[in-house]
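Read the structure below first, then the notes.
What follows draws every value from the coordinates through simple rules; no lab data is involved. Everything numeric in this text was worked out from a predicted model, so none of it was measured.
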Amino acid sequence: MDFRFVDLIDGRQVNLVTATTASGARERLYFDVQTGLLVRRVASSQTVLGNFNYQVDYKDYKLFNGVKIPTTIEYAMPGVRWTRKVVQVRNNVPIDAASFNAPAK
């Protein structure tokens, strides 16, 4: 990982950090200077057709049981964009063991 420079996203200063994963995929991570929270991830991976690029923006962080979680997550890739909204977070909820033994389809 390498720190590159301070940039602006939506009028806020962000630190740009570049990284290469163990599999060789390259990523750019943007962290809010004031909060330290991740606000954008831009990644590319090699395919047989060339580089495939995508971007994920993390917004509207809210505190859930002491953990800040982005409640708006915007995805963008060539020709496609969509948004996910988190409306509820429940930490440490018991899960019935039977849910992991679902029959194969």
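Under 21 Å between alpha carbons: how many lysine pairs meet that in the chain, if sequence neighbours fewer than 8 apart on the same chain are excluded? Kindly include the intermediate steps, with their values, before the conclusion.
Details: K59/K68; K59/K85; K62/K85; K68/K85.
Counting lysine pairs in the chain gives 4.
From the Cα gyration tensor of segment 5-53, with a ≥ b ≥ c the square roots of its eigenvalues, which class applies: rounded if a/c is under 1.5, or else prolate if a/b is larger than b/c, or else oblate?
prolate
Please work out how much length the chain gains when fully extended from T47 to S99, using 0.36 nm per residue of separation minus the C-alpha to C-alpha distance, in nm with one decimal.
15.2 nm
Taking only Cα atoms of the chain, what ratio of Rg to Rh do you get with Rh as the Kirkwood inverse-distance radius?
So for the chain, dividing Rg by the Kirkwood Rh gives 1.06.
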